[in-house]
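Student: Below you will find the structure I want to go over with you.
The values are calculated or read from the model by the stated rules, or taken from the named source; none is laboratory data. Here the structure is a predicted model, which is why all the values come from computation and not from measurement. Neighbour counts run over all protein chains shown; Cβ positions are idealised from the backbone, glycine included.
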Amino acid sequence: MQTVNVPLDGNSAAGLFSEVFAVDMTSAQATCAGCDAVGEVGTLRMWAVEMGAVLRCPSCGSVVLRLTSTPSSVWIDASGARSIAIQKKS
Ligand SMILES: [Zn+2]
């Protein structure tokens, strides 16, 4: 993934999420640990970095999720999310 200097929206991380999740993670509800804002992962501000992505809260700018893709694994750091709610398939 190419490093960019402007934020994309969290929908840009759909490809990384799809490597490990069978559901569309961009529609999951993330609660920011920094300010308690709740919104879809797709509404986070994504900064693409060489090995993955950093997704920041659009309200306070805190890092909510970090994704790193290696040849064998996708690493997810969700320490900036108080919770992530993934809707069940209906
Ligand atoms: Zn926040």
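Student: Could you tell me which residue of the stretch 27-51 is farthest from residue 86 (Cα to Cα), considering only residues that are among the charged types (D, E, K, R) and at pLDDT 95 or above? Explain how you work it out, then say what you get.
Tutor: Looking only at the stretch 27-51, we keep the residues that are among the charged types (D, E, K, R), and these are 36, 40, 45, 50.
Next cut, at pLDDT 95 or above only: 36, 40, 45.
Details: 36: 17, 40: 10, 45: 19 Å.
Checking each candidate, the answer is 45.
Student: Continuing with this model, one more query. Residue 23 - would you say it is more than 15 Å from the ligand (Cβ to nearest atom), part of a loop (DSSP other than H, G, I, E, B) and surrounded by 13 or more Cβ atoms within 10 Å (Cβ to Cβ)?
Tutor: Working: more than 15 Å from the ligand (Cβ to nearest atom): yes; part of a loop (DSSP other than H, G, I, E, B): yes; surrounded by 13 or more Cβ atoms within 10 Å (Cβ to Cβ): yes.
Here the answer is yes, as residue 23 does meet what is asked.
Student: Residue under question is residue 20, and the condition is that it be in contact (Cβ under 8 Å) with a residue 40 or more places away in the chain, among the β-branched types (Val, Ile, Thr) and in contact with a helix residue (DSSP H, G or I) (Cβ under 7 Å, 6 or more places away or on another chain); does it hold? Write out each step before concluding.
Tutor: On the way: in contact (Cβ under 8 Å) with a residue 40 or more places away in the chain: yes; among the β-branched types (Val, Ile, Thr): yes; in contact with a helix residue (DSSP H, G or I) (Cβ under 7 Å, 6 or more places away or on another chain): no.
Answer is no for this residue.
Student: At least 2 residues that are surrounded by fewer than 20 Cβ atoms within 10 Å (Cβ to Cβ) in each: list the strands (runs of 3 or more DSSP E) lying fully within the stretch 32-84 that qualify.
Tutor: Values: elements: 38-40, 45-49, 52-56, 63-69, 74-77.
Strands (runs of 3 or more DSSP E) meeting the threshold: 38-40, 45-49, 63-69, 74-77.
Student: Among the residues of the stretch 1-13 satisfying the criterion of being of a type in the set (A, V, I, L, M, F, W, C) and surrounded by 15 or more Cβ atoms within 10 Å (Cβ to Cβ), which is farthest from the ligand (Cβ to nearest atom)?
Tutor: Pass one, the stretch 1-13, residues of a type in the set (A, V, I, L, M, F, W, C): 1, 4, 6, 8, 13.
Then drop every residue that is not surrounded by 15 or more Cβ atoms within 10 Å (Cβ to Cβ), which leaves 1, 8, 13.
Numbers: 1: 24, 8: 18, 13: 17 Å.
Checking each candidate, the answer is 1.
Student: Looking only at the stretch 34-55, which residues are near the ligand (Cβ under 8 Å from one of its atoms) and in contact (Cβ under 8 Å) with a residue 40 or more places away in the chain?
Tutor: Initial filter on the stretch 34-55 (near the ligand (Cβ under 8 Å from one of its atoms)): 34-37.
Across the stretch 34-55, the qualifying residues are 34, 36.
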